[in-house]
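I have placed the structure first, in the form of structure tokens, so that the comments after it can refer back to it.
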Amino acid sequence: MQGYIIDIKAVKDDDLIVSILTESHIYTTYRFYGARHSNINVGYKIDFELETNIKSSIPRLKDVIQLGFQWIFDNDKLYCWQRFIKLFYPHLKDVETIDDFYFKLLDKLSHKMIKQNPKRAICKSYIKLLDYEGRLHTDYHCLLCEQEIKKDISLVRSFMPVHASCTYSKSFKLKKIKELYEEKRIISFEDEEVDYLWKIILQGL
């Protein structure tokens with residue numbers, strides 16, 4: 001079985017509670033501490049087995065093999081990847097059965113990051129996530145005043161559109177945001193603008 005580690009919590013004696021996103025489930029597993037264990041971290045894609053025990057409600061994580069990325073030693077890409085992956089745990093908390101969209105989204109993103117700028121690749125993937133979940137607001141009405149946005153536009157958490165005058169925050173040309181929302185393209189955005197979008201994503205999925 002393969003999956004992405006989206007959360008790790010330390011428990012007694014250096015044991016770990018590990019949350020893993022697979023194609024159809026989010027598993028909460030227990031990993032006993034041991035010198036023979038391979039290193040694991042948030043964002044790693046792993047191949048693994050689960051061992052159930054009638055004495056515990058949490059299956060044991062075993063036979064873990066890390067499935068590395070081509071860019072795993074690129075610190076900038078790894079940093080962005082791990083920060084993005086961490087957001088999935090609170091977003092999907094209390095979910096057990098899941099659609100394969102999320103697993104495939106991360107698979108595709110990890111491949112695109114081989115050649116693409118990580119923040120740009122993540123922004124495009126996030127737009128696809130919002131679209132899939134029905135949270136991409138292409139009617140371009142302001143969240144705060146509920147009036148249509150016809151010119152400059154600002155974005156708040158979850159890329160919700162607002163008037164720049166309603167938030168006094170960074171504004172974008174409406175044409176650019178429409179290109180991002182409707183065509184899933186970010187090529188016309190300056191690096192500074194991409195950094196701003198990245199900071200919004202970090203507020204939570």
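The values are calculated or read from the model by the stated rules, or taken from the named source; none is laboratory data. Treat the numbers as computed from the prediction; the structure is a model and nothing was measured. Reconstructed Cβ throughout: ideal geometry from the backbone, glycine too, with neighbour counts over all protein chains shown. Areas reflect the complete protein model, heavy atoms only, side chains present, ligands, DNA and RNA absent. Shrake-Rupley method; radii C 1.70, N 1.55, O 1.52, S 1.80 Å.
Scattering from the C-alpha atoms of segment 44-122 alone, worked out with Debye: what is log10 I(q)/I(0) at q = 0.13, 0.20, 0.23, 0.24 1/Å? For segment 44-122 at q = 0.13, 0.20, 0.23, 0.24 Å⁻¹, log10 I(q)/I(0) is -0.52, -1.05, -1.22, -1.26. As a ratio to 2.2 N^0.38 Å, the alpha-carbon radius of gyration computed for the chain takes the value 1.16. Using a probe of 1.4 angstrom and keeping all protein chains present, the accessible surface of segment 96-205 works out to 54 square angstrom per residue. Here the Karplus relation 6.51 cos²θ - 1.76 cosθ + 1.60, evaluated at θ = phi - 60°, turns the backbone of segment 44-52 into coupling constants of 5, 9, 10, 9, 7, 10, 10, 10, 8 Hz, with x for every Gly and Pro. Step through the table entries 12/93; 86/176; 12/128; 128/150, compare each Cα-Cα distance with 32 Å, and write down the pairs that go over it. From 12/93; 86/176; 12/128; 128/150, over 32 Å: 12/128. Structure remark: mean-square fluctuation, Gaussian network model of the chain, C-alpha springs under 10 Å; the largest value among 171, 188, 56 belongs to 56.
Among the GluC sites (Glu not before Pro) found in segment 96-200, those both in a DSSP coil and sparsely packed, with 13 or fewer other Cβ atoms within 10 Å of their Cβ, are 96, 133, 146, 190.
Among the protein heavy atoms of segment 60-205, carbon and sulfur supply 47% of the accessible surface, probe 1.4 Å, non-protein parts ignored.
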